[in-house]
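Asker: Sharing a structure below in structure tokens format, with a few things to ask.
The values are calculated or read from the model by the stated rules, or taken from the named source; none is laboratory data. It should be emphasised that the depicted structure is a prediction, and the values quoted were computed from it without experimental measurement. Heads up, the Cβs are rebuilt from the backbone with ideal geometry, glycines too, and the neighbour counts pull from every protein chain shown. We work out accessible area using only protein heavy atoms, side chains counted, and drop any ligands, DNA or RNA first. Shrake-Rupley method; radii C 1.70, N 1.55, O 1.52, S 1.80 Å.
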Amino acid sequence: MAFTLYQLDGCPYCEKVADRMDELDLDYDTVWVDALHSQRNEVKRVSGQRGVPVIVDEDRGVTMAESDRIVEYLETSYA
């Protein structure tokens, strides 16, 4: 499995996603993003917006934002 999680240090929504990924024993790479929205160009390029968290599930071709949606996707697809 190849996941990338874009997250911001100290972001509770990001931590929610990371915690669930850890509970599901999913391997993922973390990309730490800048606190300034205007500097989150890589997140914008990948997802079309600058908010975090964002996951990229390369195996399934899925890119998704919004922590509740991400957790639901992970539980439906990998639990």
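Asker: Please state which of the following conditions ALA2 fails to meet, knowing it meets all the rest: (1) in contact (Cβ under 8 Å) with a residue 12 or more places away in the chain; (2) open to solvent by 70 Å² or more (accessible area, probe 1.4 Å).
Answerer: If we test ALA2 against (1) in contact (Cβ under 8 Å) with a residue 12 or more places away in the chain; (2) open to solvent by 70 Å² or more (accessible area, probe 1.4 Å), just (2) comes out false.
Asker: Sticking with this structure for a sec: With the condition kept exactly as written, say whether any residue in segment 30-50 is out of contact with any His (no Cβ under 8 Å at 6 or more places or on another chain) and within 17 Å of ASP68 (Cβ to Cβ). Talk me through it step by step, then tell me what you get.
Answerer: Residues of segment 30-50 out of contact with any His (no Cβ under 8 Å at 6 or more places or on another chain): 30-49.
From the residues that got through so far, the ones that are within 17 Å of ASP68 (Cβ to Cβ) too are 47, 49.
Yes: one or more hits.
Asker: Got a number for residues in segment 32-65 being open to solvent by less than 30 Å² (accessible area, probe 1.4 Å) and acidic (Asp, Glu)?
Answerer: Selection size over segment 32-65: 1.
Asker: Do you know which residues across segment 32-65 are assigned to a loop (DSSP other than H, G, I, E, B) and more than 14 Å from ALA2 (Cβ to Cβ)? Quick ask: steps written out before the conclusion?
Answerer: Going residue by residue through segment 32-65, those that are assigned to a loop (DSSP other than H, G, I, E, B) are 33-36, 40, 48-53, 58-61.
Listed by number, the residues that qualify are VAL33, ASP34, ALA35, LEU36, ARG40, GLY48, GLN49, ARG50, GLY51, VAL52, PRO53.
Asker: Further, regarding this structure: Among the candidates ASP68, ASP29, which residue alone is modelled with pLDDT of 95 or more, at negative phi, assigned to a helix (DSSP H, G or I) and open to solvent by 20 Å² or more (accessible area, probe 1.4 Å)? So that I can check it myself, show each step before the final result.
Answerer: Values: ASP29 fails: assigned to a helix (DSSP H, G or I).
Going through ASP68, ASP29 in turn, just one is modelled with pLDDT of 95 or more, at negative phi, assigned to a helix (DSSP H, G or I) and open to solvent by 20 Å² or more (accessible area, probe 1.4 Å): ASP68.
Asker: With the checklist (1) without any contact (Cβ under 8 Å) to a residue 12 or more places away in the chain; (2) farther than 18 Å from TYR78 by Cα; (3) open to solvent by 90 Å² or more (accessible area, probe 1.4 Å); (4) part of a loop (DSSP other than H, G, I, E, B) in hand, flag the one item ASP9 doesn't pass.
Answerer: (1)
Asker: Hey, another quick one. Could you figure out which of (1) open to solvent by less than 60 Å² (accessible area, probe 1.4 Å); (2) not in a helix (DSSP H, G or I) isn't true of ALA18?
Answerer: Of everything listed in (1) open to solvent by less than 60 Å² (accessible area, probe 1.4 Å); (2) not in a helix (DSSP H, G or I), ALA18 misses just condition (2).
Asker: From the list TYR78, TYR73, pick out the single residue that is out of contact with any His (no Cβ under 8 Å at 6 or more places or on another chain) and modelled with pLDDT of 95 or more.
Answerer: The unique qualifying residue is TYR73.
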